Amino acid sequence: MIKNFVEELKWRGMLAQIMPGTEELLQKEMVTAYLGTDPTADSLHIGHLCGIMMLRHLQRCGHKPIILVGGATGMIGDPSGKSQERNLLNDETLRHNQECIKQQVAKFLDFDSKEPNAAEMVNNYDWMKNFTFLDFAREVGKHITVNYMMAKESVQQRLNGTARDGLSFTEFTYQLLQGYDFLYLYQHKGCKLQLGGNDQWGNMTTGTELIRRTLGNEVETFALTCPLITKADGKKFGKTESGNIWLDAKRTTPYKFYQFWLNVSDDDAARYIKIFTSLEKEVIDDLIEEHQQDPGRRVLQKRLAEEVTVLVHSREALDMAIEASNILFGKSTKDSLLKLDEQTFLDIFEGVPQYEVSRDRIGQPAVELFTQDAPVFASKGEMRKLVQGGGVSLNKEKLNAFDREITADDLIDGKYLLLQRGKKNYYLITVR
């Protein structure tokens with residue numbers, strides 16, 4: 001049985017606003033719907049995931065998803081929710097970014113299906129690049145009044161001084177460009193529905209209005225938004241101290257990605273598992289109940305982290321992330337350390353005390369190195385006592401003699417030493 005898309009979004013907490021008639025249309029026929037994404041980077045981040053999951057559910061409910069990469073609009077910048085104009089990109093960078101984004105989205109959507117609802121990716125640069133300003137003014141601009149455009153909340157916020165720099169003409173026209181995308185996709189792909197984040201509602205309704213005024217009142221198109229995802233404390237979702245959590249493993253390692261989900265609060269885990277996984281309602285309800293009986297086991301967070309990491313990366317990446325987590329908190333060996341790539345190794349020990357040692361100091365006894373150059377121990381006597389008691393490890397192996405020579409063979413990746421004092425105290429020494 002094919003599910004009802006709107007009902008699916010509702011129970012998952014993924015529905016913010018919906019135009020009247022949308023649900024009826026979705027129940028009547030296979031609907032082609034699109035969602036726009038910004039190609040200003042060669043990777044999406046988890047802030048994009050709610051929109052991508054909407055497209056995933058749409059396709060699973062038997063409808064056809066189109067993901068639109070805003071090559072043309074990415075050259076301009078959208079005022080919605082932004083307080084500054086963004087950098088403009090060249091064609092080569094846009095194409096590269098588009099290809100990278102498609103590879104990421106292909107893990108969520110089926111582009112290769114032989115069914116009529118196979119996913120498609122389009123780039124609005126392809127139909128905007130030869131559209132002259134005069135043609136645009138005549139064919140698009142005449143249909144929408146300035147009064148209509150000025151009334152939009154995103155425009156009002158920029159004009160009323162919440163942004164330092166006001167609103168450029170370029171950005172003011174953004175809603176017309178986005179509206180034209182909808183018109184173009186309606187005419188060329190039969191697209192009747194636009195999906196997006198709730199901050200896009202103004203731009204999306206401009207699109208339905210432009211279609212109505214251009215093609216006539218009898219042509220009906222629709223818009224549906226998902227809420228902007230926040231954390232339980234009201235802060236923006238997906239940002240950390242060090243910036244965005246990216247889907248690209250080179251920008252955010254699978255270990256760090258996994259840890260992000262593992263460390264969300266109980267309240268957030270209960271919301272996020274509905275939004276960011278495809279698990280069925282019964283499975284999620286059981287997990288929430290199990291979690292409530294013993295929150296300390298973090299059942300919800302573990303399952304959430306597992307599902308999203310496998311979806312975005314792979315089962316192998318998940319296994320590696322779990323193994324990497326065990327390095328810090330469980331029993332692991334030097335072999336586990338050597339398996340890690342450098343970035344994951346640094347991510348794991350990001351918060352531990354760190355020292356730098358000159359390469360010419362390698363070759364001296366441990367007791368000299370770890371009391372003088374990297375003073376992990378207050379004195380040689382303290383270190384001797386701890387080593388004799390079996391309380392010191394080097395690279396996850398017990399240090400058996402406090403005066404053993406530290407050589408280049410001990411270095412991980414040719415430049416790191418990991419010293420452990422007791423069970424939980426780690427120290428990272430970088431040799432330069």
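Restricting attention to the range 153-250, which trypsin sites (Lys or Arg not before Pro) occupy a DSSP loop and are surrounded by at most 11 other Cβ atoms within 10 Å? Answer in residue order: 164, 235, 250. The trypsin sites (Lys or Arg not before Pro) of the range 289-397 that DSSP puts in a loop, and whose beta carbon has at most 14 other beta carbons within 10 Å, are 331.
The calculated 222 nm mean residue ellipticity attributable to helices in the chain amounts to -12000 deg cm²/dmol, summing -39500 (n - 2.57) over DSSP H runs of n ≥ 4 and dividing by all residues.
The value obtained for the chain, namely the Cα convex hull volume divided by the number of residues, is 181 Å³ per residue. Backbone geometry of the range 209-214 corresponds, through the Karplus equation with coefficients 6.51, -1.76 and 1.60 at θ = phi - 60°, to 3J(HN,Hα) couplings of 5, 4, 4, 4, 6, 7 Hz, x marking Gly and Pro. For the chain, the longest principal axis of the Cα atoms and the long axis of helix 49-60 meet at an angle of about 60 degrees.
Under a 5 Å amide H cut-off, with hydrogens placed 1.01 Å from N, residue 279 pairs with nothing among residues at least 5 apart or on other chains. Projecting the Cα atoms of 309, 287, 340 onto the charge dipole of the range 267-424 (Cβ charges, centred on the Cα centre) puts 340 farthest toward the positive pole. Ligands, DNA and RNA left out, the 1.4 Å accessible surface of the chain is 48% carbon and sulfur atoms.
By DSSP, the beta bridges lying fully in the chain are antiparallel in about 45 percent of cases.
Relative to one another, the C-alpha centroids of the range 19-34 and the range 173-232 are positioned 13 Å apart. Would you grab the residues whose amide H sits under 5 Å from the one on residue 191? Only those 5+ places off in sequence or on another chain, please, with H modelled 1.01 Å from N. Close amide H contacts, sequence-distant or interchain: 186.
Per residue, the chain exposes an accessible area of 48 Å² to a 1.4 Å probe, with every protein chain left in place. Short-range pairs are left out: with C-alpha atoms under 8 Å and at least six residues apart, the relative contact order of the chain is 14 percent.
Tell me, what is the percent relative contact order of the range 163-208, built from C-alpha pairs under 8 Å that lie six or more residues apart?
52
Against the chain, whose longest principal axis comes from its Cα atoms, helix 266-275 is set at around 50 degrees. Computed on the range 213-290, with alpha-carbon pairs under 8 angstrom and 6+ residues apart, the relative contact order is 17 percent.
The values are calculated or read from the model by the stated rules, or taken from the named source; none is laboratory data. In this text, all values refer to a predicted model and were calculated from it rather than measured experimentally. All Cβ positions, glycine included, derive from the backbone under ideal geometry; neighbour counts span all protein chains shown. Ligands, DNA and RNA are excluded from the accessible area calculation, which covers all protein heavy atoms including side chains. Shrake-Rupley method; radii C 1.70, N 1.55, O 1.52, S 1.80 Å.
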